[in-house]
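Trainee: The structure follows.
The values are calculated or read from the model by the stated rules, or taken from the named source; none is laboratory data. Computed from a predicted structure; not experimentally measured. Cβ placement follows ideal geometry from the backbone for every residue including glycine, while neighbour counts extend to all protein chains displayed. Quick note on the areas: whole protein, heavy atoms, side chains included, nothing else; ligands and nucleic acids left out. Shrake-Rupley method; radii C 1.70, N 1.55, O 1.52, S 1.80 Å.
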Amino acid sequence: MSYCASRFRTVRRPTLAVNIGSVGVGGNHPIRIQSMTTSDTQDVAATLKQSIALAEVGCEIIRITAPNVAAAKCLQQIRTQFNAAGFGHIPLVADIHFLPSAAMEAVEHVEKVRVNPGNYADKKKFAVREYSDADYDAELERLHDAFSPLVKRSRELGRVLRIGTNHGSLSDRIMNRYGDTPLGMVESALEFLRIGAAHSYHQMILSMKSSNPKVMIQAYRLLVERMAQEDMHYPLHLGVTEAGDGEDGRIKSAIGIGSLLLDGLGDTIRVSLTEDSVYEIPVARAIADKAMSRWSASDSLPVAPESDDIDPYQFTRRPTVEIKLGGQCTVGPKQPPRVLVRAGQPGNLAALLPVLLSPKLKDTPAEGLIVSIATPDELGVLPVLSAGFLVLELAPEISAAELGNKVASLTPGTVLLQRFSAADAESLEAYAAVARAHQLVLAIDAEPAAILALRATIAAILDTPLLFTISRAVSTSGHATGGYRQLAQALRNLGSNAPIWIRNTTASAIRTETSFLSKLLEASFLTGGLLCDGIGDLVSIETEADPARATQLTYNVLQGAGARISKTEFVACPSCGRTLFDLQTTTQRIRAQTGHLKGVKLAIMGCIVNGPGEMADADFGYVGGAPGKINLYVGKNCVQYNIPQVEADARLIALIKAHGKWTDPEPETL
Ligand code: SF4
């Protein structure tokens, strides 16, 4: 793969080191954690207070919005007072949209300036027009003239620039030529990079943010490939925009950021949450630590390159065959990934069945229960399910011969799960024969190397309904995601389209909030990343401590990756100095009223300057229009202007109803 050294282990991408004041980013520096203040920048005391609070919880780079020249001037006082408070070592960054004049003021006072190439010196008119090559060149020349003063001044002062592209706010020029695509995002940044390079200025960092992790992942990969073609090696700032809050916000960020970090891309990260900024830092820290613990040296790569035949720049779900699981469930190309949960010993089943397979869980019941079977006799006492299916994880010492007729009473489509090593060809053949004879499904738990060693046997049993999984995907030479990618490649080579079951089996139980966060991040890295690569037909997050919460977490990871939508999708900006209402309470209030709307995407954005552009593909938007006033959107079109905020919730619901997207919430019956 040209965007990374390996898709199977984490080899860090070599980059230029960039110094933001005294903080190095890229090169051999660790992954840096950053965040942003949300106060009005001209309220210097409030912005200083937030900056100090962020620094005290470990934020290494702090961004402050500079929406106009007056706000940019305030950065001088903020910098001075921040230094006096003992934080001179922490760089400040000005966030600029639209106004070169604000950028030129800000660069005098802070160590880094972020510009959005979609709107720097470009007024967005959403104009549809054909740009001839000559028109386009004229536009680039205009851009060169507008951006060059900032580049030159940054070079003189030793400042850093971030070219921060957002999926939702590309320029009309880019939209008309490349569309709203990862390629458009990349081209947008390259235009600015080339201007920097033309002035021999290289202190630049890049970002390619989107609220959709798949788009964001593809855009960063493409950017790295395109930069390498032009011999550019700038560091990357990773982030998912408008991720929202709570579990969903953390999951979306971890999927996008984690997936790229596993491939060795990313030098500084921001986890954007619609919560107080200080809550972003522990999440970002945990993500960075997990990624850095997996860095391996490039000389540990195998001599022969490992192949992976997917197109990493375009999402395609891996093709699979359809298989019946139990009486009523199917896995396959037209079905969303199925949700499994660990039930433990057969004795636990009676207590778990009503909780986990209950239709009262509406759209989020567990569909498969994993039961550990220690002896063949336990097979005779299993209940017949009225919904879902059983996965019977057989102890390694149980041979196929011992199963005999003990499996005869099982519902057709029940899954037998057994682990096979490279030397288990005979056992595998015998298990497959039992599965075929009793209309059962065989789940083969094997490392990719074992799959390769067993390929002749697997080729001979392809008429058996098969699933593939890896229970211990973390090998010494790579990461779990790499293990599954190798598995998918091994199956591709074998000509098998058997479904793949992603198992999150790390030891952490979800007993405390810290262990829950760890499980959430692991699952988002592994499952979310694989789903964004098109791999994964069944998913389990396995813990015996709280299977109901694990089930909900699985649905949330599927939703975060866009693989299975079970509730309203919220796109909420993290808020900043432009925000016109309390985003956190508004998001929570709107979620309480609309969270049950499966398949509806709602955006809650703090201002009209960037909000509408950043809402991406939301169905409805609730956007701050003026203090105390809200604008409501259907798609990208504003349909109600400046309505009083007290009426806005009811009007939003009326709008959803008018567009036929409303359903009444089901009464709580659990
Ligand atoms: S959309 Fe939100 S985060 Fe973005 S500029 Fe407006 S208020 Fe700030």
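Trainee: Rounded to the nearest 0.05, what FRET efficiency do Gln314 and Arg492 give with R0 = 22 Å and r taken as the Cβ-Cβ distance? Could you check?
Mentor: On the way: r = 16 Å, r/R0 = 0.75.
Efficiency computed from Cβ-Cβ geometry: 0.85.
Trainee: Additional query: How far is helix 425-437 tilted off the main Cα axis of the chain, in degrees rounded to 10, range 0 to 90?
Mentor: That helix lies at roughly 80 degrees to the long axis.
Trainee: Could you please put Ser307, Ser259 in sequence from largest to smallest accessible area, using a 1.4 Å probe?
Mentor: Descending accessible area places them as Ser307, Ser259.
Trainee: Would you calculate a helix-derived [θ] at 222 nm for the chain, using -39,500 (n - 2.57) for each DSSP H run of n ≥ 4 and dividing by the full residue count, to the nearest 500?
Mentor: -11000 deg cm²/dmol
Trainee: What does the net charge come to around Ser421 if you take all other residues with beta carbon closer than 11 Å to its beta carbon, with K and R at +1 and D and E at -1?
Mentor: -2
Trainee: Between Ala545 and Glu397, take the C-beta separation as r, use R0 = 25 Å, and let me know the FRET efficiency to the nearest 0.05.
Mentor: 0.40
Trainee: OK, next. So how do Arg162, Arg472 rank on accessible area, 1.4 Å probe, biggest first, that is with the largest at the start?
Mentor: These residues rank, largest area first, as Arg472, Arg162.
Trainee: Counting DSSP beta bridges in region 286-435, what percent are antiparallel, to the nearest 5?
Mentor: 20
Trainee: Need one word for region 550-670: rounded, prolate or oblate. Basis is the Cα gyration tensor (sqrt eigenvalues a ≥ b ≥ c); a/c below 1.5 gives rounded, then a/b vs b/c decides.
Mentor: The shape class here is prolate.
Trainee: Would you work out the relative contact order for the chain, in percent, from Cα pairs under 8 angstrom that are 6 or more residues apart?
Mentor: Values: 1415 pairs, mean separation 84.7, N = 670.
It rounds to 13 percent for the chain.
Trainee: Moving on to the next point. So for the pair Thr663, Trp295, with labels modelled 7 Å out along Cα→Cβ, what separation do we get in nm?
Mentor: 4.8
Trainee: Another question, then. Of Val381, Val391, which has the most accessible area and how do the rest follow, probe 1.4 Å? Walk me through the numbers on the way to the answer.
Mentor: On the way: Val381 105, Val391 0 Å².
If we order Val381, Val391 from most to least accessible, we get Val381, Val391.
Trainee: Right, next: Output the peptides 8-20, 95-107 sorted from most to least packed, where packing is the average of other Cβ atoms within 10 Å over each peptide's residues.
Mentor: Top to bottom by mean Cβ count within 10 Å: 95-107, 8-20.
Trainee: Continuing with this model, one more query. Averaging over every viewing direction, what projected area does the convex hull of the Cα atoms of region 230-358 cover, in nm²?
Mentor: Hull-based average projected area comes out at 13.7 nm².
Trainee: With only alpha-carbon atoms in the gyration tensor, what are the semi-axes of the equivalent ellipsoid for region 427-477, in Å, largest first? All intermediate terms of the calculation are to be shown ahead of the outcome.
Mentor: On the way: eigenvalues 95, 29, 11 Å².
Its equivalent ellipsoid spans semi-axes of 22, 12, 7 Å.
Trainee: Can you bin region 532-573 into rounded, prolate or oblate? Criterion: square roots of the alpha carbon gyration tensor eigenvalues sorted a ≥ b ≥ c, rounded for a/c under 1.5, prolate for a/b above b/c, oblate for the rest.
Mentor: Because a/c hits 1.5 or more and a/b fails to exceed b/c, region 532-573 counts as oblate.
Trainee: State the answer as a single residue: which of Ser148, Thr15, Gly599 lies farthest towards the positive end of the charge dipole of the chain, with beta carbon charges of +1 for Lys and Arg and -1 for Asp and Glu, about the Cα centre.
Mentor: The residue sitting most towards the positive pole is Ser148.
Trainee: Report the dimensions of region 144-268 along its three principal axes from the alpha-carbon atoms, largest first, rounded to Å.
Mentor: Computed over region 144-268, the largest-to-smallest principal extents equal 43, 32, 27 Å.
Trainee: Could I ask something else about it? Under a 5 Å amide H to amide H cut-off, with H placed in plane at 1.01 Å, what residues pair with Gly625 once short-range neighbours are removed?
Mentor: Excluding prolines and chain starts, which carry no amide H, the hits are Ile630, Asn631.
Trainee: Relative to the longest principal axis of the chain, what angle (0 to 90°, nearest 10) does the C-alpha long axis of helix 213-229 take?
Mentor: 70
Trainee: Right, another one. Work out, step by step, the length gained on full extension between Lys49 and Ser148: first 0.36 nm times the residue separation, then minus their alpha carbon distance; give nm to one decimal.
Mentor: Contour length minus Cα-Cα distance gives 32.2 nm.
Trainee: Taking the Cα centre of the chain as the origin, how large is its charge dipole in debye, to the nearest 20, when only Lys and Arg (+1) and Asp and Glu (-1) carry charge on their Cβ atoms?
Mentor: Its charge dipole is roughly 780 debye.
Trainee: Using label points projected 7 Å from each Cα along Cα→Cβ, tell me how many nm separate Ala654 and Lys324, to one decimal.
Mentor: If labels sit at Ala654 and Lys324, their model points lie 5.1 nm apart.
Trainee: Right, another one. Calculate, in nm to one decimal, what Ser421 and His202 gain on full extension: separation in residues at 0.36 nm each, minus their alpha carbon distance.
Mentor: 73.7 nm
Trainee: What angle, in degrees between 0 and 90 and rounded to the nearest 10, separates the Cα long axis of helix 480-494 from the longest principal axis of the Cα atoms of the chain?
Mentor: Tilt relative to the chain: about 60 degrees.
Trainee: Let me ask something additional. To the nearest 10 Å², what's Val110's accessible area with a 1.4 Å probe?
Mentor: 0
Trainee: May I pose another question? I want to make sure I understand the PRE zone here: with the label point 7 angstrom from the Cα of Val639 toward its beta carbon, which residues in region 589-620 have backbone N atoms less than 12 Å away?
Mentor: 619-620
Trainee: Looking at the square roots a ≥ b ≥ c of the eigenvalues of the Cα gyration tensor of the chain, which shape do they give, rounded for a/c under 1.5, prolate if a/b is larger than b/c, or oblate?
Mentor: It comes out prolate by the Cα gyration axes.
Trainee: Which of Val355, Gly266, Thr543 sits farthest toward the positive end of the charge dipole of the chain, with +1 on the Cβ of Lys and Arg and -1 on the Cβ of Asp and Glu?
Mentor: Positive-most Cα among the choices belongs to Gly266.
Trainee: Put a dot 7 Å past each Cα toward the Cβ at Arg177 and Tyr131; how far apart are the dots in nm?
Mentor: The answer from the label model is 0.4 nm.
Trainee: Under unit Cβ charges (Lys, Arg +1; Asp, Glu -1), what dipole magnitude, rounded to 20 debye, does region 236-386 have relative to its Cα centre?
Mentor: 500
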